[in-house]
Structures are given as C-alpha cells and as structure tokens.
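Here's the structure we're looking at; comments come further down.
Read-outs: derived from the displayed coordinates by stated rules, not from any lab. Being a predicted model, the structure only gives us computed values, none of them experimental. Heads up, the Cβs are rebuilt from the backbone with ideal geometry, glycines too, and the neighbour counts pull from every protein chain shown.
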Amino acid sequence: MALHSLVIPIFNEEENVHELYRRLHQDLLMPIRNRGDDYELVFVDDGSMDRSFQLLKELHEKDQKSIVIIRFSRNFGHQMAITAGLDRARGDTVTVLDADLQDPPSIVLEMIQKWELSFDIVYAVRKKRLQEGLFKRLSANFFYRILAYSTRLDIPKDVGDFRLMSRRTVDALRGLRERHRFMRGMAKWIGFKQTYVSYVREGRFAGTTKYPFQKMLRLAWDAFTGFSLLPLRAATFLGLSSAVVSFLVALWALYIRFFTDQAIQGWTSTIIIVLFLGGVQLFCIGVLGEYVGRIFEQVKNRPLYIIEEIVAPIK
C-alpha cells in the first residue's frame, strides 16, 4: 500500500477551501482509497489574513487522520510554502497542487500511474489555458523561451509547480536550502527519470490571483539569477561594447584633430558618451550588487520560514 501526499499552499483562499476539499475527496481521495492506497493532505497556510486557517481547521475536524496544517508566522511566499510542505510530507509520492482549482485534482491519478512505471517526477504541461489574457500567455511564453536559452537546464515550457515527485526526489530537494527558490528549476536540476501529462488549465473557482505581475516578475528574476549567468554576461557584454565604441570614437577624434582642418564639435558628443558610459557602469554595478546581495542573504543562514502552529493528524 502506497501513501500519496498532497502539498497545498494556501494564501487568502477562504472562498476556495471547502470546494477544494470537496473536489479532492470526490475526484482523487476516494479513488486513491478504492485502489487500496492511502493519502495525506498537507496544507500550508502562508500567513493568510482571511478565514482560511479557521476553515482548514474545520476540515481537520472532519478528517483528523489525514490532514496536516502548517501555519506560517507571516507570509513567506509560495515557493517557501511548497518547501515547508515537502519538508513535512511523508508519502511515497508527493504532489504539489494549488488551492485555486485551476489544476484539476483528477490529473494526479494519471501522475500516479506514471510513477508506477518508475518515473520519479511527473509534471503537468498546460496544453491550453482558460480565462487567461493575451498578455499573460505571451509573457509566460517569452519567459520560458528566454529561460531555456539562458540556462543549461531543459526546463519544460508551460509547466508550473503542479507535479508529482517520488520519495527520493523529495529527499533530494530537501537538501537544497537556497533562499531564492525556483522549485521548477530545482526539480529539473536534481535529475532522475522525468515525464509529463497534459491537461487543460481551468479558470479560478473564486477569488483573485495571488500571483500578480510584480510577483511573477520577481519569480522570473529568481529563476534567471538562480540558474543562469545571463545577467552577469550581459553586463560583461555591455562593458566590452562600450569600451569598443569609446575606442572608435577616440580614433575618430584623433583623426579629425591631426589629419583634417575641421573643428571637433565636442560638447554634445562628450555629454552623450559620458551619459552612455555612466548608464552602462550603473547597470553593471546593479547586476553585481544583486548577486552580492543574494550571497549576503544566503550566508546569514536564517531559516527559510517560521512556523507559528502545526495542526497534526491524530494517530
């Protein structure tokens, strides 16, 4: 008999909690029990400011043997919530699932079948996105293409954090404790045998997205700086390009001065060059400062998250 864990980050999802559990029970948990396996639900409340935690405790009263609730002391972020769930999950498989019901729970059954064929990671590829605007689709496509170009990892396109992982995969991920986490890249980096299932991503059941453009931009930056040297290489390229341009301008100025009778118009060109070089230098310093800042945060060795309360299952 296998134990299947589901890690579900929660942040201000009071409108979705009961419907989430209903669909989980109907489409996934009962079929898991019917096949002779068992399940575990690990809810991670990422500092919700609504009634999400109280509603989760109500669910725990209904299913005291299978529900674990981890409540953070504050909002640490989606990737940290996933990390806390992986740290706590005990299953032979561990599946990360969002609470907004955009990722159908029934797909997990297909993932389990792939796992039974000896795959360690089964990720879900979005073959179609419902209720997502043109800007969101184009920006996501652009992000995955740039990330694939700039890293040595073949990170799948149109894939989020919705994936099933084997026990040894989760144990390997638990050993990676960097602060700026991009779990999709980390799951690919550790290797092991991986495959995918395809599905149609639905719209949110209720509420608004907890990943606005600002958070998506921050996640993209964590991905680039965590798995790529592209920003540093871009700074190097800009520095080299500006040096070449400055050298050519200097040769031109010397030629005009010594081999022609023309007067050098200096003020405008000087200001342009100074501003250009100053901008390049500030950009390069900013990129270097970003990497140094990340090193500073890592060497402080603070915990990735702080737990305020754990509601554990009753044995």
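Things worth noting here:
- Between residue 58 and residue 285, the C-beta separation translates, for a Förster distance of 35 Å, into a calculated FRET efficiency of about 0.10.
- Projecting the Cα positions of 72, 118, 84 onto the charge dipole of region 67-121 (unit charges on Cβ atoms of Lys, Arg, Asp and Glu, taken about the Cα centre) puts 72 furthest along the positive direction.
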